[in-house]
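Undergrad: Pasting in a structure now, in structure tokens, and then I'll have a few things to ask.
Throughout, read-outs are computed from the coordinates displayed, never taken from laboratory work. In this text, all values refer to a predicted model and were calculated from it rather than measured experimentally. Cβ coordinates were reconstructed from backbone atoms using ideal geometry, including for glycine residues, and neighbour counts include every protein chain displayed.
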Amino acid sequence: MAKAKVKDITSSKASSKNKKNEKAEVDNIKKGLKSKKKEVDFDENIKVSIEKKLHALYSLQLIDSQIDKIRIIRGELPLEVQDLEDEIAGLGTRIENFKKENETLEKSIQEKNSSISNSKSLMEKYEDQRMNVRNNREYDSLTKEIEFQNLEIQLCEKRIKEYTISLDNKKIDVDSSQQLFDERKKDLEVKNSELKDITAETEKEEKTLEIKSEKNQKFIEERLLAAYKRIRINARNGLAVVLVERDACGGCFNKIPPQRHLDIRMHKKIIVCEYCGRILVDNGIKEYVDENFNI
Ligand SMILES: [Zn+2]
């Protein structure tokens, strides 16, 4: 009986020991589950926080690209105005030069005309003298003089004809240049007022976008933001964050290896293109930003 009691005790002891073990095991499993849950939570947390960063980076890129576009448009208009101003100045100089050339031509025509009247009066004088010559030699010499003056007159008339043609052509040039000059002046007026309007309009838009950009930057840690800005400066199109398109980097169009592509889709790390260094995002990030951010 006593033995049985002992046995009982031992068995009850054993069972209590077993129970203890069982409890410990359950606890362990629970603990394990908990730690596994913690791991999952931790993983999920990383994913969420990286996703948030990617959303912020992608939307920051969209905003900054809009600012870039505005600056390019506004940057081109002053250049167009400058081109017009240069053209107008060039046309002005051309017209001035034509006018000077015309003055010279008119002066030359006047000179030739006075040469002609000079020759004519000489001819008259020689003809008078020829009436009273004393010998043949004198007569011949005067006849030669008259012939010479006659040739002189013909030459002058020929020159006057040439100068007149040239003068007429120059006048046509002056007229067409003047017409172009007036047209360009009008264009310039239009462009200038356009520039004024666009500058006022875009400056307002740019300011709004800049505020948006700054607000967005607050969601991105300093180190990442610095990297973003650095990539943007170095990239010719100002793109630091690009979409993966057809398995390639949307910035440099180099192919992305499948493993890297998978990492990009997991949103657990910020992945950059191994060729151009741009931050890569997948369509999931784009769609989320498109739906939830007002850009
Ligand atoms: Zn790239």
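Undergrad: For the chain, take the longest principal axis of its alpha carbons; what is the angle in degrees between that and the long axis of helix 283-292, to the nearest 10 within 0 to 90?
TA: 80 degrees
Undergrad: Could I have the simple spin-label model distance between residue 86 and residue 117, label points 7 Å from Cα toward Cβ, reported in nm to one decimal?
TA: With each label placed 7 Å out from Cα toward Cβ, I get 5.0 nm.
Undergrad: When the Cα atoms of the range 102-147 are enclosed in a convex hull and the volume is divided per residue, what value in Å³ results?
TA: Details: hull volume 2.1 nm³, N = 46.
Residue-normalised Cα hull volume stands at 46 Å³.
Undergrad: What does the extension gain come out to for residue 236 and residue 187, with contour length at 0.36 nm per residue minus their alpha carbon separation? Present the calculation step by step, with values, prior to reporting the outcome.
TA: Details: separation 49, 0.36 × 49 = 17.64 nm, distance 3.23 nm.
Computed gain between residue 236 and residue 187 is 14.4 nm.
Undergrad: Can you tell me the 0 to 90 degree angle between the C-alpha axis of helix 136-217 and the longest principal axis of the chain, rounded to 10?
TA: 20 degrees
Undergrad: Please check: in the Gaussian network model of the chain (C-alpha springs, under 10 Å), which one of 152, 76, 44 has the largest mean-square fluctuation.
TA: In the Gaussian network model the winner is 152.
Undergrad: Using Cα springs under 10 Å in a Gaussian network model of the chain, which residue among 143, 202, 93 shows the largest mean-square fluctuation?
TA: So, out of 143, 202, 93, the one fluctuating most is 143.
Undergrad: Tell me, 233, 295, 116 in order of fewest to most beta-carbon neighbours within 10 Å?
TA: Working: 233 9, 295 16, 116 19.
Result, fewest neighbours first: 233, 295, 116.
Undergrad: Could you pull out the trypsin sites (Lys or Arg not before Pro) across the range 166-236 that fall in loop regions by DSSP (anything but H, G, I, E, B) with no more than 13 other Cβ atoms inside 10 Å?
TA: Numbers: sites: 170, 171, 184, 185, 186, 191, 196, 204, 207, 212, 215, 218, 223, 229, 230, 232, 236; in loops: 218, 236.
Answer in residue order: 218, 236.
Undergrad: Let me ask something else about it. Over the chain, calculate the relative contact order: mean separation of alpha carbon pairs under 8 Å at least 6 apart, over the residue count, as a percent. Write out the running numbers ahead of the final one.
TA: Working: 223 pairs, mean separation 80.9, N = 295.
Relative contact order, the chain: 27 percent.
Undergrad: Round to the nearest 0.05 the FRET efficiency obtained for residue 148 and residue 101 when R0 = 22 Å and r is the Cβ-Cβ distance.
TA: Working: r = 31 Å, r/R0 = 1.42.
Once the sixth-power term is evaluated, E becomes 0.10.
Undergrad: Can you list, bin by bin at 10 Å, the percent of alpha carbon pairs in the range 200-258, starting at 0?
TA: 20, 35, 34, 10, 1
Undergrad: Mind checking the full-extension length gain between residue 159 and residue 283? Use 0.36 nm per residue of separation minus the Cα-Cα distance, one decimal, nm.
TA: On the way: separation 124, 0.36 × 124 = 44.64 nm, distance 8.06 nm.
Taking 0.36 nm per residue and subtracting the Cα distance, the gain is 36.6 nm.
Undergrad: Given a 10 angstrom Cα cut-off, can you work out which residue in 271, 160, 211 is the most mobile in a GNM of the chain?
TA: 160
Undergrad: Describe numerically, in nm with one decimal, the distance between label points set 7 Å from Cα along Cα→Cβ at residue 259 and at residue 175.
TA: Here the answer is 8.0 nm between the modelled labels.
Undergrad: Now a separate question. Over the alpha carbons of the range 131-201, what is the largest minus smallest coordinate on each principal axis, giving the biggest first in Å?
TA: 97, 13, 13 Å, listed from the longest principal axis down.
Undergrad: Can you give me the angle between helix 2-131 and the longest principal axis of the chain, using Cα atoms only, in degrees from 0 to 90, rounded to the nearest 10?
TA: Once rounded, the angle reads 0 degrees.
Undergrad: How big is the convex hull of the Cα atoms of the chain, per residue, in Å³?
TA: 217 Å³
Undergrad: Find the relative contact order for the range 148-283 and round it to a whole percent, using C-alpha pairs within less than 8 Å whose residues are 6+ positions apart. Working shown, then result.
TA: On the way: 77 pairs, mean separation 19.3, N = 136.
Worked out over the range 148-283, it gives 14 percent.
Undergrad: Consider a paramagnetic label point 7 Å from the Cα of residue 205 along Cα→Cβ; state which residues of the range 179-199 have an amide N under 13 Å from it.
TA: Flagged as within label range: 197-199.
Undergrad: Please give, to one decimal in nm, the separation of the simple spin-label points placed at residue 50 and residue 166, each 7 Å out from Cα toward the Cβ.
TA: 8.2 nm
Undergrad: Related question: If you stretched the chain out fully between residue 139 and residue 269, how much longer would it get, using 0.36 nm times the residue separation minus the C-alpha to C-alpha distance?
TA: Numbers: separation 130, 0.36 × 130 = 46.80 nm, distance 11.69 nm.
My answer for the length gained is 35.1 nm.
Undergrad: Can you give the alpha-carbon Rg of the range 65-111 over 2.2 N^0.38 Å, where N counts its residues? The partial results should precede the final answer.
TA: Values: Rg = 20.6 Å, N = 47, 2.2 N^0.38 = 9.5 Å.
Rounded to two decimals, the normalised Rg is 2.16.
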